Amino acid sequence: MNFVPAPMPDNESRRQEAVERLQIKGTDQHDVMIVYSEMAQELTGFAAVAATLFDADSQYSLASCNFPGKSGDKLMDRAQSICSYTILSNKPTLIPDTSSDHRTANHPAVLSGMCKSYAGFPIINKDNYALGSFCLVHPEKKELNSQQIILIQKLVARLAHQLDTQSEQREVTSNKIQNAINIFSEVAPGASLDDFKYFISLCSDKKVSSSLLQNLIDLDLCILKENNITLTQKGRETQQKMGLQTRILQKMKVEGDAADSMVNDMLSKLGEI
């Protein structure tokens, strides 16, 4: 008899939308998320721990200890995952003896002896959607005590809160950039994508070659004086309207490839200017 995957949750379409809104599926979250897996492993003594997300068809790793693959990788098809049972409930799925549980007894990892004990904790966001599973696996029969269960639940709740916070910050940053684009297009209707980038650089106190700034000079947004480029009164007023004061820019900072992707997506709208 083959392993039978869990049925889809009743709210599956909305759950998938919540996962997509995170915009982190398939990205490297190792440095941000690994601490949760390491702490769970230390607290419980389980051999392997992984924080994962589920889309419609696949299970993806956020960060893991002693699981194959790395952060951002697809771990397996959803239909092959024991964790597909974990996201059906807001309570932990605790299976201290996987060989005697009808849900897991025929799973290849159980039959091979890799997973004799399983503990899965749903990663539930602020809107009560199970985004994925925080799972613990051991090659021998092993049971969590009540205190360990409480501690792991708190740990997973903190992880879910971090995912929510990242998503909210990304949305705020995205809105700020979109607002800045709209204001710049009104002030400088003849500007290009490069002009917008150069203006942001000037607002961030970064050096830009004067040879690249002629359009901004013609638009009276900056001025070349004694070999120094400075914003004009109009430039400073535009900077303030766009919310690009240096202090605010620092708060808007988003790290890594996700930031580049997001900013490039927003800046692409300048093609309509």
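Quick notes on this one:
- Conditions (1) under 22 Å from E143 (Cα atoms); (2) crowded, with 18+ Cβ neighbours inside 10 Å: number failed by E42: (2)
Here's the yes/no breakdown for (1) assigned to a strand (DSSP E or B); (2) under 27 Å from the mean Cα position of the chain (by Cα):
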residue: F46; (1), (2): no, yes
residue: A50; (1), (2): yes, yes
residue: M76; (1), (2): yes, yes
residue: N90; (1), (2): no, yes
residue: A105; (1), (2): no, no
residue: A109; (1), (2): no, no
residue: M114; (1), (2): no, no
residue: P122; (1), (2): yes, yes
residue: K126; (1), (2): no, yes
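- Tabulated pairs, region 160-175, first modelled with pLDDT under 75, second of a type in the set (V, I, T), C-beta under 6 angstrom, 6+ apart or interchain: T173/V254
- Residues of region 97-131 that are of a type in the set (D, E, K, R), touching a strand residue (DSSP E or B) at 6+ places or on another chain (Cβ under 9 Å) and closer than 17 Å to P9 by Cβ: R103 alone.
- Single match in S112, S84, S99, S133 (criterion: without any contact (Cβ under 8 Å) to a residue 40 or more places away in the chain, hydroxyl-bearing (S, T, Y) and in contact with a helix residue (DSSP H, G or I) (Cβ under 8 Å, 6 or more places away or on another chain)): S99
- When the residues of region 52-63 are filtered to those that are buried (at least 18 other Cβ atoms within 10 Å of the Cβ) and of a type outside the set (V, I, T), the one that is farthest from the chain's Cα centre (by Cα) is S58.
- Checked against (1) in a loop (DSSP other than H, G, I, E, B); (2) farther than 17 Å from P5 by Cα, S61 passes all but condition (1).
- Criterion violated by N66 - all others in (1) under 23 Å from M1 (Cβ atoms); (2) surrounded by fewer than 21 Cβ atoms within 10 Å (Cβ to Cβ); (3) in contact with a strand residue (DSSP E or B) (Cβ under 6 Å, 6 or more places away or on another chain) satisfied: (1)
- Here A56 meets the list (1) of a type outside the set (V, I, T); (2) modelled with pLDDT of 95 or more; (3) assigned to a loop (DSSP other than H, G, I, E, B) almost entirely, failing just condition (2).
- S167 within 25 Å of E20 (Cα to Cα), of a type in the set (S, T, Y) and out of contact with any strand residue (DSSP E or B) (no Cβ under 8 Å at 6 or more places or on another chain): yes
The values are calculated or read from the model by the stated rules, or taken from the named source; none is laboratory data. Since we're looking at a predicted model, the values are computed, not measured. Ideal geometry is used to build each Cβ from the backbone, glycine not excepted, and the neighbour counts take in all protein chains shown.
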